[in-house]
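See structure below.
The values are calculated or read from the model by the stated rules, or taken from the named source; none is laboratory data. As the structure is a computational prediction, the values presented were derived from the model and not from experiment. Note that we place each Cβ from the backbone using ideal geometry, even for glycine, and neighbour counts take in every protein chain shown. Calculation scope for accessible area: heavy atoms of the full protein, side chains included, ligands and nucleic acids excluded. Shrake-Rupley method; radii C 1.70, N 1.55, O 1.52, S 1.80 Å.
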Amino acid sequence: MKRRSFVKRTFQWGAGLGLLIGLYSWQIEPFWMEFVRLKMQLRNLPEGLIGKTVMQISDIHIGNSFDYQYIIDSFKEAQELKPDFVVYTGDYVTYEDNEQLNQLQEVLKFVVKGAMGTIGILGNHDYGIDFVEDEVAQKITKSLEEVGVTMLRNDAVEINGLNFLGMDDFWGSNFYPEKATAKYNSDKANITLCHNPDVCDLPVWNNFKGWILSGHTHGGQVKPPFLPAPLLPVKNKNYDAGIKDLKDGRTLYINRALGCLRQVRFNVRPEITVFELTREV
């Protein structure tokens with residue numbers, strides 16, 4: 001009887017713990033945003049940009065898979081930090097139909113902008129279903145440009161001596177990264193925006209030295225303690241989240257995403273990243 005009672009109680013405790021973890025992963029962590037603060041060392045950084053901030057927002061995934069009022073609330077929090085630059089690294093929607101384009105318009109009323117510049121690129125979900133709908137990508141680009149985001153589609157823009165390169169998405173139909181890296185300027189401070197970190201392993205970089213800001217992986221969204229994330233949408237499974245020193249003068253940062261494809265996260269909190277610019281010595 002004692003053994004039966006022990007087994008029964010163990011099962012009850014296990015079931016209760018599983019329920020609590022499930023509720024936490026569904027109702028708490030997907031909306032428990034973290035501001036991650038890091039230093040970003042850049043070669044040739046102008047004196048006037050030392051100490052300025054670059055805020056990265058990635059993968060907001062506006063759609064019907066979660067309550068995106070949370071994204072609006074996060075944008076309002078981010079605005080209070082008064083960033084100098086803001087960069088968006090793709091996946092603005094989880095596209096099903098044109099409803100998501102209207103939902104995005106609603107969210108963009110609260111878009112976070114930098115005092116010195118606001119730059120964005122597209123992600124794979126911004127190309128619609130199966131990532132092949134160029135018309136969807138064009139509409140999303142237009143919506144962002146109308147609220148003051150400079151969209152880079154295999155292009156670059158220099159702002160106060162800081163050179164931003166922006167690649168279109170690796171899985172999309174407009175992926176011509178060499179057009180962006182051709183505008184790499186070794187005499188300037190350089191940051192590349194590239195949604196999918198797998199691009200880092202392609203021979204397209206034109207001897208680029210600087211930081212690469214990516215998203216796409218969401219850190220796996222679910223990560224067992226002390227184990228790698230089991231589901232990562234990249235070929236290079238080292239590209240999960242955080243800082244990756246590529247050992248060739250490039251430093252990759254993979255943002256864990258602000259939104260989610262499905263409303264579940266465990267041990268991978270959503271984030272907005274705030275980099276403080278410093279000069280590499």
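Segment Q27..Q79, full-extension length gain: 16.3 nm, with 0.36 nm per residue of separation and the alpha-carbon distance subtracted.
A cut-off of 5 Å between modelled amide H atoms, ignoring neighbours fewer than 5 places along the same chain, links R250 with G210. Backbone geometry of segment 172-186 corresponds, through the Karplus equation with coefficients 6.51, -1.76 and 1.60 at θ = phi - 60°, to 3J(HN,Hα) couplings of x, 8, 10, 8, 10, x, 4, 5, 6, 5, 4, 9, 5, 10, 5 Hz, x marking Gly and Pro. Give the long-range amide H neighbours of I272: residues separated by 5 or more places, or on another chain, with amide H under 5 Å away, using H modelled in the peptide plane at 1.01 Å from N. For I272, whose amide H was placed from the backbone, the distant partners under 5 Å are E34, F35, V36.
Dividing the helix sum by the residues of the chain, where each DSSP H run of 4 or more adds -39500 (n - 2.57), gives a mean residue ellipticity at 222 nm of -6500 deg cm²/dmol. Rounded, prolate or oblate for segment 114-269? Axes are the square roots of the Cα gyration tensor eigenvalues, ordered a ≥ b ≥ c, and the cut-off for rounded is a/c under 1.5. Oblate, because a/c is 1.5 or more while a/b does not exceed b/c. Once a ≥ b ≥ c are taken as the square roots of the eigenvalues of the Cα gyration tensor of the chain, is the result rounded (a/c under 1.5), prolate (a/b larger than b/c) or oblate (a/b not larger than b/c)? In terms of gyration-tensor shape, prolate. The GluC sites (Glu not before Pro) of segment 37-92 meeting both criteria, a DSSP state outside H, G, I, E and B (loop) and at most 12 other C-beta atoms within 10 angstrom of the site's C-beta, are E80. Amide H contacts of F266 (H built 1.01 Å from N, in plane; Pro and chain starts excluded): V222, K223 sit under 5 Å, all sequence-distant by 5 or more or on other chains. Just check segment 99-188 against the gyration tensor rule for me: Cα atoms, a ≥ b ≥ c as the square roots of the eigenvalues, rounded for a/c under 1.5, and otherwise prolate or oblate depending on whether a/b exceeds b/c. It comes out oblate by the Cα gyration axes.
The E146 and E96 beta-carbon pair, evaluated with R₀ = 22 Å, returns a calculated FRET efficiency of approximately 0.45.
With each label modelled as a point 7 angstrom along the Cα→C-beta vector, the K109-E158 pair spans 4.0 nm. Estimated at the nearest 10 Å², the accessible area of V36 is 20 Å² with a 1.4 Å probe. For segment 142-251, the carbon plus sulfur part of the accessible surface works out to 53%, probe radius 1.4 Å. In the chain, a dipole from Cβ-located charges (positive for Lys and Arg, negative for Asp and Glu) runs towards its positive end, and of V281, L49, G210 it is V281 whose Cα lies farthest in that direction. Karplus-derived 3J(HN,Hα) values for segment 148-154, using 6.51 cos²θ - 1.76 cosθ + 1.60 with θ = phi - 60°, are x, 8, 7, 8, 9, 10, 6 Hz; glycine and proline are entered as x.
For the chain, a crude dipole built from +1 on the beta carbon of Lys and Arg and -1 on the beta carbon of Asp and Glu, taken about the Cα centre, is about 1680 debye to the nearest 20.
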